[in-house]
């Protein structure tokens, strides 16, 4: 694990005060973290696209036909109603 960097409390406090004065919804210390927030929304689709070619495709291991229709009023729901009577 790499060394952790601790930021000076006075610098962080100054950024918080500046953020409050400017009515900002987010305050970043260090300031470069603001760039990370701008690309944060793009990361999940990029990671999924990157992994899609690298992960093996999962095959259905068993035939799901015996399960019948799933959800409300499916086979399991009808069986539960029969046992409740």
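The values are calculated or read from the model by the stated rules, or taken from the named source; none is laboratory data. From a predicted model like this one, the values you see are computed outputs, not experimental measurements. Quick reminder, even Gly has a Cβ in these numbers, built from the backbone with ideal geometry, and neighbours come from all protein chains shown.
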Boolean, residue 72 is at pLDDT 70 or above, out of contact with any strand residue (DSSP E or B) (no Cβ under 9 Å at 6 or more places or on another chain) and farther than 30 Å from residue 7 by Cα: no
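Residue by residue, here is whether (1) surrounded by fewer than 10 Cβ atoms within 10 Å (Cβ to Cβ); (2) over 23 Å from residue 5 (Cα atoms) holds:
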| site | (1), (2) |
| --- | --- |
| 21 | yes, yes |
| 26 | yes, no |
| 32 | yes, no |
| 35 | no, no |
| 41 | yes, yes |
| 51 | yes, yes |
| 54 | yes, yes |
